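Every number in this text was worked out from the coordinates using simple rules, so none of it is lab data. Computed from a predicted structure; not experimentally measured. Note: ideal-geometry Cβ built from the backbone for every residue, glycine included; neighbour counts use all protein chains shown.
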């Protein structure tokens, strides 16, 4: 299968470094991506095997077959993996991607800092540098942030509700678990017949198990604070919770929410869960994700 992807053809694969920054959450904080070195082995020397001899497999010939193609089979494609280059595991780093699930990445079953391939996850939200995807069965540990940088081809090719396959490196950036797809890709695999419902939880339930999962809080959600930066804090009777402006700025949407002030109420808020400033926050995607608005009395 062919992926819409960005490749570090020379520098990334020869030196085993990422080419672009990874930005998983709020604010302007950026830095070198922390999703692995891409060299195919834990020594970090870029040779594709843990022996450090530069041959790609540890026996001196480039692969176990002795044909010197670097990938251990007779295809001669030289990608460093035992599969043709069109296969999602043939990403050229010297090892194969792990076929896994978002659940297994988020709960720690699949180790971080390695190539992963997840299939038939659905897109719950997008922004200008990535998207959130989720296992269709939902629940705790079902969602994850996928960073694609400025590759508009990926973002233009998929919409909320699409099913996609994702190839990238699993890791953490600013304490958010992500799949960095800069050197991998995102491929459309289908479309949901109807949107999957969010998980209904209380604000007090927000923790790491719900990171990047599409959730919904309901009740008389009273605005108790406007801390600035486009965010607001509401209380659902169980706890105070932050409503994030990472995709949609509620405070600036005066036409939809006139006279927004402390004491205003909503009946429901939904969106993926973000983590920033040491706080779990709900990210509404549009005005439609904030229901039953009433201005302060």
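Just order 156-168, 114-126 by mean Cβ neighbour count inside 10 Å, highest at the front, would you?
114-126, 156-168
In the range 199-291, what percentage of the DSSP-assigned beta bridges are antiparallel, given to the nearest 5?
Roughly 85 percent of the beta bridges in the range 199-291 run antiparallel, per DSSP.
Quick one: check the C-alpha center-to-center distance for the range 257-271 versus the range 133-188, whole angstrom.
30
Below 8 Å between Cα atoms, with a sequence gap of 6+, how large is the relative contact order for the range 96-196 in percent?
Reported as a whole number, the value is 28 percent.
Which values, in whole Å and largest first, are the semi-axes of the equivalent ellipsoid of the range 134-206 obtained as the square root of 5 times each eigenvalue of the Cα gyration tensor?
Sorted largest first and rounded, they come to 22, 18, 10 Å.
Can you tell me how much longer the chain between residue 204 and residue 226 gets when fully stretched, taken as 0.36 nm per residue apart minus their C-alpha distance, in nm with one decimal?
Contour length minus Cα-Cα distance gives 6.0 nm.
Can you tell me the relative contact order of the range 199-291? Whole percent, Cα pairs under 8 Å, sequence separation 6 or more.
31
When DSSP beta bridges are limited to those with both residues in the range 118-189, what percentage is antiparallel, rounded to the nearest 5?
Looking only at bridges with both residues in the range 118-189, the antiparallel portion is about 90 percent.
Please list the radius of gyration and Dmax for the range 199-291, considering alpha-carbon atoms only, with Å as the unit.
My reading of the Cα-based Rg and Dmax gives 11.7, 35 Å.
Return one quarter of the surface area of the convex hull spanned by the alpha-carbon atoms of the range 103-230, equal to its mean projected area, in nm².
About 8.9 nm², averaged over all directions.
Give the distance, in whole Å, between the Cα centre of the range 273-287 and the Cα centre of the range 207-243.
Each part reduced to its Cα centre gives a spacing of 8 Å.
Over the range 142-233, what relative contact order in percent results from Cα pairs under 8 Å that are six or more residues apart?
After rounding, I find 28 percent.
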